[in-house]
Number of protein chains: 2
Amino acid sequence: MMPSDDRKKSRVTLLDVAQHAGVSRATASLVIRNSPLVGAKTRAKVEAVMQELGYVYNVGAARLRAEKSRTVGVIIPNLTNPFFAELLAGIERVIDSAGMVVILANSGDLTERQDVVMRRMREHGVDGVILCPAAGTEPAMLDGLDEWGLPVVQALRHVSGRTDYAGPDYIGGVKQSVDYLVSLGHRSIAFAVHGQVHSAYRERIEGFCAAMHGHGLSDDLIVKVPEKIGDISASADLLFRQERQPTAAICFNDVIALGLSAGLFDKGMQIGRDFSLVGFDDVTDAEALRPRLTSVSTAPETVGENAATLLLDRLADRERAVRRVITPTELHIRQSCVSIADIDA
Amino acid sequence: MMPSDDRKKSRVTLLDVAQHAGVSRATASLVIRNSPLVGAKTRAKVEAVMQELGYVYNVGAARLRAEKSRTVGVIIPNLTNPFFAELLAGIERVIDSAGMVVILANSGDLTERQDVVMRRMREHGVDGVILCPAAGTEPAMLDGLDEWGLPVVQALRHVSGRTDYAGPDYIGGVKQSVDYLVSLGHRSIAFAVHGQVHSAYRERIEGFCAAMHGHGLSDDLIVKVPEKIGDISASADLLFRQERQPTAAICFNDVIALGLSAGLFDKGMQIGRDFSLVGFDDVTDAEALRPRLTSVSTAPETVGENAATLLLDRLADRERAVRRVITPTELHIRQSCVSIADIDA
DNA sequence: CTGAAAGCGCTTACAG
DNA sequence: CTGAAAGCGCTTACAG
């Protein structure tokens, strides 16, 4: 009747609960899983006992038998980048509300590390993984997962068309910027890029070229800037060492936008008066910059939610058709662009 | 001899490996765990078979028997805040290199959610948890974990002295700022704060008061600003609606610094010329601001590494004495402060 | 070093 | 609704 003295070493188990409640272990198990097979009275009794005994469900044991772990893996290239952090926040929210838990890993955008981490995920028996593939990931790797029966959704970047995918509408986002700048009269528009080449990179470039062509403009002002923000400011000059002088620049991301805006300032140019600048991602505190930065919002948190939902749906039905969920971008117009008429004036 | 047709449903197990290698399951198990009891030749044979069969270790099954999961829980108030994202990056790095995996959860800085999430961690059988306690967390909660035998380390904030703790030297950081501003001749220094009250909040306030007193100055210019960055800029006036006019302000964090610097700009004041501003955390792209923001670096990534190391050490020895690892801060002097002489001039 | 046996805490049919 | 039994894939003594 009294609690055993060795409770320290032995946790309270479902069998303990069942015995105290005067039911069988199977019944107790049904209560936990909210089965309708159990009568209200029995359920109440069992729940009271669980409470009283301080029972904690052992997911690990359940998984062993039931073949599911209530666990999903999330693999991201770089946690320190707020863009990915927001993606992660979105994922975590929906995974959590599905009563599951996320196992997190950082690939460092390196395929070898990604392989290691991927294996670790399998060893831990995750039910599925959300992967933002490292630059250079082989499509074969994704297909391999498929064979193992491990559901995968790609997020933000994709290397294979064989899994679900959630990402922003990069192409549309760049088009919005181009259209906007053109509407202000700009015709000589640069695109400042950097970083590794992957689908998200290519789509932005594509979007730029297509949008420019759509307006009968040339896409020759694609300029590659350094990686680190300090170096970017120092390299603002690059913009003006091209065949033609741009009057505006679209940035590949907000880091570049920040760097260039500082660099232009250092050159004595004022954005939103002498030059127009559009950021991408809208993840920095654009509101706190002066002038406030006009930027394309890619809503990484929403993308994260979508990715998690895709995975949950697939877990529910392995056979459903592959889907791609593209989140529309939004151009947040603030103060960093001017009409060409006002520059010339 | 040939692979069974139903491999789809049944994964390859340690027993399969053992049989193919012509050893007992126990031996195969020893190989996996790198036991020295196994001869080199046997080991090689078994490893070859594992490779050949595509064996994947089942951590879940191992855990059930061995009572450890190679899993640690990390509970954070807000993923979207780069400060916490960096902490997480540091934690992930050392946990990963210990061959373990992090289960992530977001408490939203709400104690109720934190309780839910904490329970989920227990259900998943984490070996320990790194917790940045939500504002308002009861010390009793931490002590409860202790009773359950679940090792905990607090990070960034602490509500109980009974567990290990890793955090920045908030007090020293504020003192560095005060000393620096005083050395520039400032005597009327404001401290701009906001947010929930917790240990990290109190320590910064304490640090401010102590440092000011140390210089024989009054600490009466503590001003509370709004939470959201847009509102902060709009409230820069608050600084000047105090008993005395400050010539400098230290910010509770970089968000406030960004907001105020924009707000002061809007008032036509130029930081680093008309007014001095010091940020805290140095986590934004201070290098890309103009003027570049002087800020106290709290190195959250290092704090994260320390927290993870503390947990690993405790896992290795439950009985060791409780430790507190305080990471020194560093004042990164850039351009946002002026000597008082130059203001008066 | 190796083998046979028991057991970790749950879920899953299956018979009542 | 309930009970008895088997089993998920591993590790742990224990005897050789």
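Can you list residues whose amide H is under 5 Å from A:R292's amide H, if they're 5+ apart or on another chain and H is modeled 1.01 Å from N?
A:Q335
Any idea what the B:K41 label distances to the other copies are, label 7 Å down the Cα→Cβ vector, nm, shortest first?
For B:K41, the other copies' label points sit at 7.0 nm, shortest first.
Using alpha carbons only, how many angstrom separate the centre of segment B:125-185 from the centre of segment A:284-336?
Spelled out, the Cα-based centre of one part sits 33 Å from the other.
Please state the shape class of the protein assembly as shown: rounded when a/c is under 1.5, otherwise prolate if a/b exceeds b/c and oblate if not, all from the C-alpha gyration tensor. Don't skip to the answer; put the middle values down first.
Working: a/c = 2.22, a/b = 1.40, b/c = 1.59.
Taking the square roots of the gyration eigenvalues as a ≥ b ≥ c, the protein assembly as shown is oblate.
Taking the Cα-to-Cβ direction at A:E52 and at B:S97 and moving 7 Å from each Cα, how far apart do the two end points lie in nm?
In this crude label model, A:E52 to B:S97 measures out at 5.1 nm.
Identify the trypsin sites (Lys or Arg not before Pro) of segment A:190-263 meeting these criteria: DSSP loop state and at most 15 other C-beta atoms within 10 Å of the C-beta. Before the final figure, lay out each step's value.
On the way: sites: A:R202, A:R204, A:K224, A:K228, A:R241, A:R244; in loops: A:K228, A:R241, A:R244.
Answer by residue number: A:K228, A:R241, A:R244.
So if R0 is 56 Å, what FRET efficiency would B:A66 and A:I343 give, r being the distance between their Cβ atoms, rounded to the nearest 0.05?
Working: r = 70 Å, r/R0 = 1.24.
Plugging the Cβ-Cβ distance into 1/(1 + (r/R0)^6) gives 0.20.
Quick one: with label points 7 Å out along Cα→Cβ, list the inter-copy distances for A:D342 in nm, shortest first?
When each copy's label point is compared with this one, the spacings are 3.2 nm.
Does any residue of segment B:91-130 lose at least 50 Å² of accessible area with all protein chains in place compared with its chain alone, and if so which ones (probe 1.4 Å)?
B:E92, B:D96, B:V101, B:L104, B:R120, B:E123, B:H124
Restricting the count to DSSP beta bridges whose residues both fall in the protein assembly as shown, what percent are antiparallel, rounded to a multiple of 5?
Working: 9 of 79 bridges.
Rounded to the nearest five, the antiparallel share is 10 percent.
Can you work out the Karplus-derived ³J(HN,Hα) for every residue in segment B:223-233? Use 6.51 cos²θ - 1.76 cosθ + 1.60 with θ = phi - 60°, whole Hz, and x for glycine or proline.
10, 8, 10, x, 7, 8, 4, x, 5, 5, 4
How about segment A:285-345: which GluC sites (Glu not before Pro) there lie in a loop by DSSP and see at most 14 other Cβ atoms within 10 Å? Numbers along the way, then the final one.
Values: sites: A:E287, A:E301, A:E305, A:E319, A:E330; in loops: A:E319.
Here the sparse-neighbourhood loop sites are A:E319.
For the interface of chains B and A, what total accessible area is buried with a 1.4 Å probe, rounded to the nearest 100 Å²?
Numbers: alone 17220 and 17210 Å², together 30220 Å².
Rounded to the nearest hundred, the buried surface is 4200 Å².
Say each of A:A40 and B:F240 gets a label point 7 Å from the Cα, pointing the same way as Cα to Cβ; how far apart are those two points in nm?
6.7
Which far-off residues, 5 or more places away or on another chain, put their amide H under 5 Å from the one on A:H332, with H placed in the peptide plane?
Hits under the 5 Å cutoff: A:S295, A:V296, A:S297.
Accessible area per residue, 1.4 Å probe, Å², for chain B: what's the number?
Values: 15110 Å² over 345 residues.
So chain B comes to 44 Å² accessible per residue, rounded to a whole number.
Only loop residues by DSSP count here, and only those with at most 15 other Cβ atoms within 10 Å; note down the GluC sites (Glu not before Pro) in segment B:45-144 that meet that. Don't skip to the end; give the middle numbers.
On the way: sites: B:E47, B:E52, B:E67, B:E86, B:E92, B:E112, B:E123; in loops: B:E67.
Counting only loop positions with at most 15 other Cβ atoms within 10 Å, the GluC sites (Glu not before Pro) in segment B:45-144 are B:E67.
Could you work out, residue by residue across B:222-234, how many beta carbons of other chains sit within 10 Å of that residue's beta carbon, and then give the average as an integer? Don't skip to the answer; put the middle values down first.
Details: counts 0, 0, 0, 0, 0, 0, 1, 4, 4, 1, 3, 5, 0.
Per residue, the number of nearby Cβ atoms from other chains is 1 on average.
With each label point set 7 Å from Cα along the Cα-Cβ vector, what nm distance links A:R324 and A:R25?
So the label points at A:R324 and A:R25 sit 5.0 nm apart.
With all protein chains present and a 1.4 Å probe, how do B:I256, B:I171 order by accessible area, largest first?
Values: B:I256 0, B:I171 65 Å².
The ordering from most to least exposed comes out as B:I171, B:I256.
List the pairs from A:K45/B:K68; B:K224/B:K267; A:K68/B:K41 whose alpha-carbon separation is above 28 Å, in the order I gave them. Don't skip to the answer; put the middle values down first.
Values: A:K45/B:K68 31 Å; B:K224/B:K267 19 Å; A:K68/B:K41 36 Å.
Where the Cα-Cα span goes over 28 Å, the pairs concerned are A:K45/B:K68; A:K68/B:K41.
Would you pull out the residues with amide H under 5 Å of B:N253's amide H, same chain only if 5 or more places away, H placed 1.01 Å from N?
Amide H neighbours of B:N253: B:F280.
Mind grabbing the accessible area of B:L64 for me, 1.4 Å probe, Å², rounded to tens?
Accessible area of B:L64: about 70 Å².
Keeping the other protein chains in place, figure out the carbon and sulfur percent of the accessible area of chain B, with a 1.4 Å probe. Before the final figure, lay out each step's value.
On the way: 7720 of 15110 Å².
Reported share for carbon and sulfur atoms: 51 percent.
The values are calculated or read from the model by the stated rules, or taken from the named source; none is laboratory data. Keep in mind that this is a model prediction, so the values were computed, not measured. Quick reminder, even Gly has a Cβ in these numbers, built from the backbone with ideal geometry, and neighbours come from all protein chains shown. Accessible surface is based on the protein model in full, side chains and every heavy atom, while ligands, DNA and RNA are left aside. Shrake-Rupley method; radii C 1.70, N 1.55, O 1.52, S 1.80 Å.
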